[in-house]
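Student: Sending over a structure as C-alpha cells; questions will come in a sec.
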Amino acid sequence: MSFLALENINYSIGKNKLFKNINLSIEKGQLFSILGPSGAGKTTALRIITGAVAPDSGNVILDNNVINNMPMEKRQIVMVHQTNKLFPHLSVRDNIQFGMKMKKLSQSRIDKKTDELMDFFNMSGHLNKYPTQLSGGQQQMVALMRALAVEPKVLLLDEPFTGLDNNLKIYIRDFILKIHNKFNTTIVMITHDKEDAFLMSDRIAFMFDGEIVLTESPENLCKKTNVSDVNNFLGDIILLDDGKIVFSDKIVNITKDF
C-alpha cells in the first residue's frame with residue numbers, strides 16, 4: 001500500500017472544475033515529481049496534501065490514515081514554497097529552530113538538530129545572519145533546513161529552483177538529492193522542467209488541465225507513450241547505455257550517485 005495517496009480527488013472553484021478525479025500513489029522514501037505546464041494545477045495538488053485546501057470529494061491518505069479532517073499542523077507534512085518565506089526578523093538559527101520550538105522539543109534536542117543540519121548544509125558560518133544578508137541560494141538552503149528540522153513524514157517542494165541561476169540551481173538540486181539519500185525523506189516535488197524531473201525522480205506524474213494522465217519512472221519514459229500530451233511535452237528522448245538521456249539537445253544523467 002502507498003505511503004501517501006490522493007484518491008479520487010475532485011476540486012472546484014465556483015463552476016470551474018480544477019481537479020477531475022485525481023489519483024496519486026507515492027511510496028515511502030520516494031522522490032516523486034508532478035510534472036506539467038504552468039496552470040496545470042500542480043501547486044493546488046500540494047495545497048490539498050498539506051490541508052490548506054479541502055477537496056470537494058475524495059481522500060488524502062498518509063501512512064494508512066485518511067487525513068482530510070486533520071489540521072495542517074498535525075499532518076507532519078512540510079512545504080517549501082517557490083518564495084522561501086523565511087521570517088525576515090529572525091536569524092538563521094531562529095528560523096531553523098522555530099518549528100522545533102513550536103513542538104516544544106527540549107533545547108538540547110533543538111541545538112543538536114540545528115548543529116546537524118548546519119554541518120550537513122555547510123552553513124555554520126551563517127547561523128547569526130538574517131535572511132536579507134543571505135544570497136537567494138542560501139535562503140533556499142535555510143528554508144530546506146527549517147523544513148527538515150521538524151522531521152516531517154513528507155517534504156513538499158513547490159518549484160524549488162524558481163529564481164535561481166543555473167549554477168545555484170544545480171547546487172540546490174544536488175543538495176535535495178543528498179537530503180533524499182541521507183534522511184530517506186519522502187519528497188514530492190512539482191516542476192515544469194522535464195530535466196529536473198528526469199534527473200531527480202523515482203517516479204513522475206504528468207498533470208495537464210487538472211488531470212493526472214500518466215505516472216511512470218524516468219527510465220520507462222524514454223519511448224513514446226500512449227498519451228499524446230506527454231509525448232508532445234517531452235519531445236524526442238534517447239536513452240544512452242550509460243544511463244544518461246538526451247532530449248532538447250541536453251544530456252541528463254538519470255542514474256543517482258548520491
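The values are calculated or read from the model by the stated rules, or taken from the named source; none is laboratory data. These numbers were taken from a predicted model, which means no experiment stands behind them. Using ideal geometry, Cβ is built from the backbone for each residue, glycine included, and neighbour counts are taken over all protein chains shown.
Student: Residues of the range 200-233 being part of a helix (DSSP H, G or I) and either out of contact with any helix residue (DSSP H, G or I) (no Cβ under 9 Å at 6 or more places or on another chain) or surrounded by fewer than 19 Cβ atoms within 10 Å (Cβ to Cβ) (or both), which ones?
Tutor: Residues of the range 200-233 part of a helix (DSSP H, G or I): 200, 218-221, 228-233.
GLU219, ASN220, SER228, ASP229, ASN231, ASN232, PHE233, listed by residue number.
Student: Please work out which residue is farthest from the chain's Cα centre (by Cα), limiting yourself to the range 70-117 and to residues that are among the hydroxyl-bearing types (Ser, Thr, Tyr) and not in a loop (DSSP other than H, G, I, E, B).
Tutor: If we take residues in the range 70-117 being among the hydroxyl-bearing types (Ser, Thr, Tyr) and not in a loop (DSSP other than H, G, I, E, B), then SER108 is farthest from the chain's Cα centre (by Cα).
Student: Which residues, taken from the range 143-180, are part of a loop (DSSP other than H, G, I, E, B) and either on the phi > 0 side of the Ramachandran plot or in contact with a His (Cβ under 7 Å, 6 or more places away or on another chain) (or both)?
Tutor: GLU151, GLU159, GLY163
Student: Somewhere in the range 46-59, is a residue part of a strand (DSSP E or B), surrounded by fewer than 21 Cβ atoms within 10 Å (Cβ to Cβ) and on the phi > 0 side of the Ramachandran plot?
Tutor: First, pick out the residues of the range 46-59 that are part of a strand (DSSP E or B): 57-59.
So of that shortlist, the ones also surrounded by fewer than 21 Cβ atoms within 10 Å (Cβ to Cβ) come out as 57-59.
Going one step further and asking which of them are on the phi > 0 side of the Ramachandran plot, we end up with 58.
So far as the range 46-59 goes, yes, one or more of its residues are part of a strand (DSSP E or B), surrounded by fewer than 21 Cβ atoms within 10 Å (Cβ to Cβ) and on the phi > 0 side of the Ramachandran plot.
Student: Separate question: With GLN97, GLN76 as the choices, which residue is surrounded by fewer than 20 Cβ atoms within 10 Å (Cβ to Cβ) and more than 19 Å from THR215 (Cα to Cα)?
Tutor: After applying the criteria, what remains is GLN76.
Residue-wise test of (1) among the aliphatic types (A, V, I, L, M); (2) under 27 Å from ILE110 (Cα atoms).
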| site | (1), (2) |
| --- | --- |
| GLU151 | no, yes |
| LEU157 | yes, yes |
| PHE161 | no, no |
| LEU164 | yes, no |
| PHE175 | no, yes |
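Student: Could you grab me the full set of residues in the range 181-199 that are of a type in the set (A, V, I, L, M) and not in a strand (DSSP E or B)? Before the answer, list the steps.
Tutor: To start, the set of residues in the range 181-199 that are of a type in the set (A, V, I, L, M) comprises 187-190, 197, 199.
Residues satisfying the conditions are ALA197, LEU199.
Student: Is one or more of the residues making up the range 3-19 of a type in the set (A, V, I, L, M), in contact with a Lys or Arg (Cβ under 7 Å, 6 or more places away or on another chain), closer than 29 Å to LYS194 by Cβ and not in a helix (DSSP H, G or I)?
Tutor: no
Student: Would you point out the residue of the range 133-192, among those that are hydroxyl-bearing (Ser, Thr, Tyr) and more than 26 Å from MET102 (Cβ to Cβ), that is modelled with the lowest pLDDT?
Tutor: That would be THR162.
Student: Give the residue that is nearest to GLN30 (Cα to Cα), with candidates limited to residues of the range 119-149 that are surrounded by fewer than 19 Cβ atoms within 10 Å (Cβ to Cβ) and hydrophobic (A, V, I, L, M, F, W, C).
Tutor: So, considering only residues that are surrounded by fewer than 19 Cβ atoms within 10 Å (Cβ to Cβ) and hydrophobic (A, V, I, L, M, F, W, C), the one nearest to GLN30 (Cα to Cα) is PHE120.
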